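For reference, the structure is listed below as structure tokens.
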Amino acid sequence: MATYYELVIKGDDRDLIPYLAGYLTAEGVDGVYFAEESGLHVHALRERIKHHGEVQHVVCTKQSLAIVLEALEDAAPRYRFEVVEQRALASASFRFKVETPSRKIAQEVKDIVAKCRRGVEVEGYSPSETVSAEGAGAEIYSPMHDYKFEASAAVSGDVARVIEMRKALGAIDFVDCEEIDLHAA
């Protein structure tokens, strides 16, 4: 399993995220995730009080850590970025649930779960499909549908793969994904 790090960086997100994203793109660096874009669970108010100001959480691979730190050092002095915490990560996890009358959406969820990559574990996944003749011909906004798909599960494992799976599931209507919890090494 790859090694990941979580950095807590003091600085305004209106400056930090575009600056760091641009720097990393110019350097051709992958494997860096911003909390807001990736659905990471952070205690924003607690973090602001603890660090006396606005902080951003960034997750990066071991390979990209040096470049991220270099980018922060190379930033113009007016930005005043400061790494206030750094910790190694062992894994990540989140829960999701879905309830939909759409066969297409049900198939999308099934496909994502079926293509779950090595290093990611899906626990408690037991999809339920109900077909009812009474709801035949009903439309999407009807009180009764001829088809209903329900499922829920816990996803855990490799940090980057869990983040990618959450992004894929979170982009589907009717799928409710909780925020990702990061687990220290």
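The values are calculated or read from the model by the stated rules, or taken from the named source; none is laboratory data. Remember, predicted model here, so these are calculated numbers, not experimental data. All Cβ positions, even for glycine, are placed from backbone atoms using ideal geometry, and neighbour counts span all protein chains on display.
Is it fair to say VAL84 is at pLDDT 95 or above, surrounded by fewer than 18 Cβ atoms within 10 Å (Cβ to Cβ) and among the β-branched types (Val, Ile, Thr)?
Spelling it out, it is not the case that VAL84 is at pLDDT 95 or above, surrounded by fewer than 18 Cβ atoms within 10 Å (Cβ to Cβ) and among the β-branched types (Val, Ile, Thr).
Any idea which residue in the range 53-81 is nearest to ASP30 (Cα to Cα), counting only those that are surrounded by fewer than 15 Cβ atoms within 10 Å (Cβ to Cβ) and among the charged types (D, E, K, R)?
Only one residue fits best here, namely LYS62.
Which residue pairs have Cβ atoms under 7 Å apart, sit 6 or more places apart or on different chains, and have a first residue in the range 110-125 that is closer than 9 Å to VAL155 by Cα and a second that is hydrophobic (A, V, I, L, M, F, W, C) and at pLDDT below 95?
Here the result reads VAL122/CYS116, each pair linking the range 110-125 to a residue that is hydrophobic (A, V, I, L, M, F, W, C) and at pLDDT below 95.
Which residues, counting only those in the range 99-120, are assigned to a loop (DSSP other than H, G, I, E, B), under 15 Å from ALA171 (Cβ atoms) and of a type outside the set (S, T, N, Q)?
Matches in the range 99-120: LYS115 only.
Of the conditions (1) touching a Gly at 6+ places or on another chain (Cβ under 8 Å); (2) modelled with pLDDT under 90, ASP30 satisfies every one except a single condition; which number is it?
Unmet for ASP30, out of (1) touching a Gly at 6+ places or on another chain (Cβ under 8 Å); (2) modelled with pLDDT under 90: (1).
Do you know which of the residues in the range 91-113 that are modelled with pLDDT of 95 or more and small (Gly, Ala, Ser) is farthest from the chain's Cα centre (by Cα)?
ALA106
Could you tell me how many of the residues in the range 147-166 are farther than 16 Å from ARG118 by Cβ and at pLDDT below 95?
Qualifying residue count, the range 147-166: 2.
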